[in-house]
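The values are calculated or read from the model by the stated rules, or taken from the named source; none is laboratory data. Just so you know, these numbers come straight off a predicted model, no measurement behind them. Quick reminder, even Gly has a Cβ in these numbers, built from the backbone with ideal geometry, and neighbours come from all protein chains shown.
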Amino acid sequence: MSARVERSVPANSLQTEEKIVNFSPERLKAPFVLRCGALIIDYIIFVAVPVMSILFARFMGNDGAKLLNSELNNSGWLIAVLIGLTNFLIFPIFSGRSIGKMLTGLQIVKADGREASFASITMRHLIGYPLTLLTLGLGFLLSAFTKNGRALHDLIGGTVVVYGRKRVLK
C-alpha cells in the first residue's frame, strides 16, 4: 500500500492516534486474479486434510462404506472444519488476512484504509460470504468490475482488499 500512516501522541493522552494519508482504494485494490489465487490457496488448505485422511484410510485397508465411516475420515473432516474456522474467521479478525491472503500479499482493511474491526470482519465473513455463495459467485465476480475492487462481502462488511504494505511515518 502506498498510503502513509502518521502517528501522533496528544499531550494529554498516552494513546496514539492513527491518520491515514493518501489512501486510495482505486489505486491499491487487489488485482482480481490475485484475489482468486488467494481464494484457491485457502480452499486447497481446507480440503487437503480430508483428502489425505481418506487416502490414508484407504491405504490402511478400508474401502466402500467402511472407508466413509472410518475414524480417520471423521477426524479428517473435524480437523478441516477447525482449519476452516481458523483460516476464514480467526486469522482475518486478528490480522486482516487468511493464509491465502498472507501468501499473496493481500490485506483486508476498512474502506477508509484503517485496520478492519472485529465487527466489520464478522459481518464480511458470516453474512457477506454466505450471500456471495447464494449468488453462485457473482458477488465475488463483482470485484473484477467495480472501480475500487470491492466484492459483495466487502460492501456488506465495509471493507476493501488491498495489495501492498502500509508505510508508517515515525
Among the residues of region 137-164, the number that are more than 14 Å from His125 (Cβ to Cβ), in contact with a helix residue (DSSP H, G or I) (Cβ under 7 Å, 6 or more places away or on another chain) and not in a helix (DSSP H, G or I) is 8
Any residue that is in contact with a strand residue (DSSP E or B) (Cβ under 6 Å, 6 or more places away or on another chain), of a type outside the set (Phe, Trp, Tyr) and touching a residue at least 12 places away in the same chain (Cβ under 8 Å) - is there at least one of those in region 123-133?
yes
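State yes or no: is Thr135 within 29 Å of Leu55 (Cα to Cα), surrounded by fewer than 20 Cβ atoms within 10 Å (Cβ to Cβ) and among the hydroxyl-bearing types (Ser, Thr, Tyr)? If you could, list the steps in order and put the result at the bottom.
Details: within 29 Å of Leu55 (Cα to Cα): no; surrounded by fewer than 20 Cβ atoms within 10 Å (Cβ to Cβ): yes; among the hydroxyl-bearing types (Ser, Thr, Tyr): yes.
In short, no.
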Out of Phe88, Phe56, report the one residue that is under 25 Å from Leu133 (Cβ atoms), aromatic (Phe, Trp, Tyr) and touching a helix residue (DSSP H, G or I) at 6+ places or on another chain (Cβ under 8 Å).
Phe88
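For region 26-42, what are the residues that are outside any helix (DSSP H, G or I), at pLDDT 90 or above and not small (Gly, Ala, Ser)?
Pro31, the sole residue that qualifies.
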Is it the case that region 75-82 has a residue that's of a type outside the set (D, E, K, R), in a helix (DSSP H, G or I), more than 16 Å from the chain's Cα centre (by Cα) and surrounded by 20 or more Cβ atoms within 10 Å (Cβ to Cβ)?
yes
Any idea which of Leu67, Leu126, Leu155 is under 23 Å from Ser24 (Cβ atoms), hydrophobic (A, V, I, L, M, F, W, C) and surrounded by fewer than 21 Cβ atoms within 10 Å (Cβ to Cβ)?
Leu155
Report whether or not Ile99 is at pLDDT 95 or above, surrounded by 14 or more Cβ atoms within 10 Å (Cβ to Cβ) and under 30 Å from Ile156 (Cβ atoms).
yes
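Being part of a helix (DSSP H, G or I), exposed (fewer than 14 other Cβ atoms within 10 Å of the Cβ) and touching a residue at least 12 places away in the same chain (Cβ under 8 Å) is the filter here, so list the residues in region 102-122 that pass it.
Result: Phe118, single match.
Residue-wise test of (1) surrounded by fewer than 13 Cβ atoms within 10 Å (Cβ to Cβ); (2) under 30 Å from Phe140 (Cβ atoms); (3) at pLDDT 80 or above.
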site	(1), (2), (3)
Ser24	no, yes, no
Ile44	yes, yes, yes
Ser53	no, yes, yes
Leu72	no, no, yes
